[in-house]
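Okay, structure first, notes after.
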Amino acid sequence: MGGTAEAAGGAGAPARRRQARGQKRIEEILRAAAEVFGEQGYDATTTNAIAARAGISPGSLYQFFANKDDVARALAERYAARLATLRAELDTVARDGRDLDELVAAVLDPLVAFNLAHPGFKALFARTDMPAGLREAVAPVHAAIHGRVAELVGQLLPGRPADEVARVATVSIQLVRGMIPLITGAAGEREREVMTGELHVVVVSYLRRQTAGAGEPGRA
């Protein structure tokens, strides 16, 4: 019995080592993809460029990912997992009942920091003219982000119709997405702070107008 158990354990060890090596290779590919996406943008990036940055052959990359869209999808899922911690922080802020300025700052500041720490995120999420392949790859994560923002907007606009809340969430997200490339590409920390401050003003002004009811159809 003992010998059989040892043999079974011994037989499983090479499989575990292969699995560990495979996971390590996936991490290397995704890290390389994030760098290349961040530097070249999604359209200009090729699987050959990702493989070269990862230090592997294109054939080795294709053992794990079918194409560039497949890599983008896996990277998007990785970002979504890391953004889950940001969602927990937002939940805490919402429960604390902070004012609008504090709430927007609590959203924007970590989001800007996340974009700076993850250069590939901008290439996958900040652009508004996504090609079909990329749009499909990141759609589930976009839906999750929109859903969370809509929840926060719903707390700011209690009693408003769901479609109106969704619209306000969409506009808010688009404002942020439009400014993120300018903020992360700014020359120096001071310029980033100024640009982030401008975005803060725009988002707060827009949401304050909505909470005052000025954004409703037929209202001035």
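The values are calculated or read from the model by the stated rules, or taken from the named source; none is laboratory data. No experiment lies behind these values; they were computed from the predicted model shown. Here the Cβ positions follow ideal geometry from the backbone for every residue, glycine too, while neighbour counts run over all protein chains shown.
Some points to look at:
Residues checked against (1) aliphatic (A, V, I, L, M); (2) at pLDDT 85 or above; (3) outside any helix (DSSP H, G or I):
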residue: ALA106; (1), (2), (3): yes, no, no
residue: GLY120; (1), (2), (3): no, no, no
residue: LEU134; (1), (2), (3): yes, no, no
residue: ARG160; (1), (2), (3): no, yes, yes
residue: GLU164; (1), (2), (3): no, yes, no
residue: ARG167; (1), (2), (3): no, yes, no
residue: VAL171; (1), (2), (3): yes, yes, no
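- Condition check for ALA74: surrounded by 14 or more Cβ atoms within 10 Å (Cβ to Cβ) and aliphatic (A, V, I, L, M): yes
- ALA52 vs. criteria surrounded by 14 or more Cβ atoms within 10 Å (Cβ to Cβ), assigned to a helix (DSSP H, G or I), at pLDDT 80 or above and outside the structural domain of GLY185 (by TED's automatic domain parsing): yes
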